[in-house]
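Chemist: Sharing a structure below in structure tokens format, with a few things to ask.
The values are calculated or read from the model by the stated rules, or taken from the named source; none is laboratory data. The structure displayed is predicted, hence computed values, not measured ones. Positions of Cβ are backbone-derived with ideal geometry, glycine not excepted, and every protein chain shown enters the neighbour counts.
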Amino acid sequence: MYVLCLLVIILLLGISAAQIALQGEKAARGERDRQIAFQAAEEALVDAQNDIEGLPGAPGRSSLFAPGSAAGFADGCGEGGALGLCLPAAPDAPALWLSTDLDGAEGSSRAVPYGQFTGAVMQTGQGFLPSRRPRYLIELLPFHPPGAQAAAVSGGVATESYVYRITAIGFGAQESTQVVLQSYYRKEAAGAGP
């Protein structure tokens with residue numbers, strides 16, 4: 001009887017150890033998937049910066065990012081050649097990156113798929129690759145240098161200088177794993193130094 005009780009205790013300890021090992025493996029897999037999505041979102045931020053700057057030989061649209069110009073930016077985000085270029089939301093409305101479908105189907109989303117305007121390529125698929133290409137939006141925001149008057153301007157964006165808020169979404173190996181990152185980027189005028 002004593003041996004039987006000891007055997008049951010050892011069996012329960014073995015089952016507990018197996019469950020702990022399985023939970024650890026699930027956590028590691030989830031963290032790996034999140035890291036894949038995070039790296040994809042970071043790549044989308046870099047792709048958006050390259051879109052703004054315009055790379056030599058890339059099918060870009062750098063003319064839309066001329067300093068002091070809001071051409072191409074639209075309410076609710078543009079489409080076609082101005083895809084993903086957004087004017088800021090009204091002060092009483094939620095931010096565009098919260099109300100725009102970043103992860104929708106490729107044809108219906110207002111976000112720019114990775115490489116569309118820069119020619120960059122990203123492998124997607126199975127294993128350690130993202131399930132699909134990351135995407136980004138670029139919002140046009142007024143830039144006021146330190147010490148300058150920062151009063152609201154009629155229309156919200158009439159200014160001589162702009163800063164761009166880039167919002168990117170990356171996907172993990174499982175499409176349901178998503179990471180959203182944001183950065184601000186300012187394009188210097190040609191010939192301007194730091």
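Chemist: If I ask for residues that are under 27 Å from Ser161 (Cβ atoms) and in a strand (DSSP E or B), which ones from segment 175-189 would you list?
Modeler: Looking only at segment 175-189, we keep the residues that are under 27 Å from Ser161 (Cβ atoms), and these are 180-189.
Passing the criteria: Val180, Leu181, Gln182, Ser183, Tyr184, Tyr185.
Chemist: Hey, does segment 151-162 have a residue that's under 21 Å from Val46 (Cα atoms), among the hydroxyl-bearing types (Ser, Thr, Tyr) and modelled with pLDDT of 90 or more? Can you show your working first?
Modeler: Filtering segment 151-162 for residues under 21 Å from Val46 (Cα atoms) gives 162.
Restricting the remaining residues to those that are among the hydroxyl-bearing types (Ser, Thr, Tyr) gives 162.
Then keep just the ones that are modelled with pLDDT of 90 or more; that gives none.
The answer is no, given that none of the residues of segment 151-162 is under 21 Å from Val46 (Cα atoms), among the hydroxyl-bearing types (Ser, Thr, Tyr) and modelled with pLDDT of 90 or more.
Chemist: Being in contact (Cβ under 8 Å) with a residue 40 or more places away in the chain and aliphatic (A, V, I, L, M) is the filter; apply it to segment 54-81 and report the residue that is farthest from Tyr114 (Cα to Cα).
Modeler: Ala70
Chemist: If you scan segment 82-98, which residues turn out to be surrounded by fewer than 11 Cβ atoms within 10 Å (Cβ to Cβ) and either among the acidic types (Asp, Glu) or without any contact (Cβ under 8 Å) to a residue 24 or more places away in the chain (or both)? Talk me through it step by step, then tell me what you get.
Modeler: Within segment 82-98, the subset surrounded by fewer than 11 Cβ atoms within 10 Å (Cβ to Cβ) is 90-94.
Asp92, Ala93, Pro94, listed by residue number.
Chemist: List the number of the failed condition for Leu87; all other conditions in (1) in contact with an Asp or Glu (Cβ under 6 Å, 6 or more places away or on another chain); (2) modelled with pLDDT under 80 hold.
Modeler: (2)
Chemist: Next up: Considering each residue of segment 1-28, count those that are closer than 23 Å to Gln174 by Cα and of a type in the set (Gly, Ala, Ser), and give that number.
Modeler: 4
Chemist: Consider Ile138 against the criteria (1) surrounded by fewer than 18 Cβ atoms within 10 Å (Cβ to Cβ); (2) modelled with pLDDT of 90 or more; (3) of a type in the set (Val, Ile, Thr): it satisfies all of them except one. Which criterion is unmet?
Modeler: (1)
Chemist: Oh, and also: Residues to consider are Glu31, Glu25, Glu42; find the one that is part of a helix (DSSP H, G or I), free of Cβ contacts under 8 Å to residues at least 40 places away in the same chain and within 21 Å of the chain's Cα centre (by Cα).
Modeler: On the way: Glu25 fails: within 21 Å of the chain's Cα centre (by Cα); Glu42 fails: free of Cβ contacts under 8 Å to residues at least 40 places away in the same chain.
Exactly one residue qualifies, and that residue is Glu31.
Conditions (1) over 30 Å from Phe65 (Cα atoms); (2) loosely packed, with under 10 Cβ neighbours inside 10 Å; (3) at pLDDT below 80, marked per residue:
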| position | (1), (2), (3) |
| --- | --- |
| Cys5 | yes, yes, no |
| Ala18 | yes, no, yes |
| Arg34 | yes, no, no |
| Phe38 | no, no, no |
| Glu53 | no, no, no |
